[in-house]
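Presented below is the structure to which this report refers.
The values are calculated or read from the model by the stated rules, or taken from the named source; none is laboratory data. Treat the numbers as computed from the prediction; the structure is a model and nothing was measured. Backbone-built Cβ (ideal geometry, glycine too); neighbour counts: all protein chains shown.
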């Protein structure tokens, strides 16, 4: 029986989130509790990478975290970002977030339509003379850089933030029937917080193939997975799973 679900993400900002619909419709409690958190690195740590931001003419943002830590670190290092700097963003939502730090001018901000890196590459190739800087996390793959190398695009990747475990405090309850994860780091954080974790009747669900793989490699049982042809979203997968386990018609 699924009564309490842990979703390892921050609480949705919209009250219209499908999670709230599931909680009400299926009479379950959903707790939003990230297993990981993002921290910025220090100016000293960035300087050790020997990268000059001002040698670049464009910045590539793959997340809002990247935007926050790029502008915060520039401020701490007293780097004045030129007004003619161009920004290439993974989605329009990420692009709009730049307004928090600079005046939004469409002529110098570009974004992909699908949210996939592959969709951003042709856009960057159209501006092949730009020198791209990509703020990244300490946990990252080399795939993006390899794709840019294949297109002979000048680029530098610089670690500007790191992913760390958002540790459970002593006495914090862990009485969940279903755990939902969105990254391999979340699985690592679970095992760090609970080294003797026994899954038993606790169900585990994931979003994305890398996270599903991390669950299996950790020797845990994967009970639901998205996206799939049947369930393109994690909320659709959760709703179907709870319905099945709880015997809801």
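Couple of notes before you dig in:
- Consider region 232-249 and keep the residues that are closer than 13 Å to residue 27 by Cβ and either free of Cβ contacts under 8 Å to residues at least 24 places away in the same chain or part of a loop (DSSP other than H, G, I, E, B) (or both). The one that is nearest to the chain's Cα centre (by Cα) is 246.
- Residue in region 201-208 that is over 30 Å from residue 59 (Cβ atoms), in a helix (DSSP H, G or I) and under 16 Å from the mean Cα position of the chain (by Cα) present: no
- Within region 1-116, strands (runs of 3 or more DSSP E) holding 1 or more residues that are in contact with a strand residue (DSSP E or B) (Cβ under 7 Å, 6 or more places away or on another chain) and within 30 Å of residue 223 (Cα to Cα): 4-7, 29-32, 36-40
- Scan of region 232-248 for residues that are surrounded by 14 or more Cβ atoms within 10 Å (Cβ to Cβ) and closer than 16 Å to residue 19 by Cβ, ordered by number: 234, 235, 236, 237, 238, 239, 240, 241, 242, 243
- Residue match in region 162-173 (condition: at pLDDT 90 or above and buried (at least 18 other Cβ atoms within 10 Å of the Cβ)): no
- Meets criteria (in a helix (DSSP H, G or I), outside the structural domain of residue 223 (by TED's automatic domain parsing) and out of contact with any strand residue (DSSP E or B) (no Cβ under 9 Å at 6 or more places or on another chain)) for residue 149: no
- For residue 131, the conditions (1) within 27 Å of residue 45 (Cβ to Cβ); (2) surrounded by fewer than 15 Cβ atoms within 10 Å (Cβ to Cβ); (3) within 15 Å of the chain's Cα centre (by Cα) are fulfilled apart from (3).
Table: residues versus (1) in the same structural domain as residue 89 (by TED's automatic domain parsing); (2) touching a strand residue (DSSP E or B) at 6+ places or on another chain (Cβ under 7 Å).
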site: 121; (1), (2): yes, no
site: 182; (1), (2): no, yes
site: 188; (1), (2): no, no
site: 214; (1), (2): no, no
site: 231; (1), (2): no, no
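- Of all residues in region 219-231, those satisfying the criterion of being more than 17 Å from residue 6 (Cα to Cα) and either surrounded by fewer than 17 Cβ atoms within 10 Å (Cβ to Cβ) or within 17 Å of the chain's Cα centre (by Cα) (or both) are 219, 227, 228, 229, 230.
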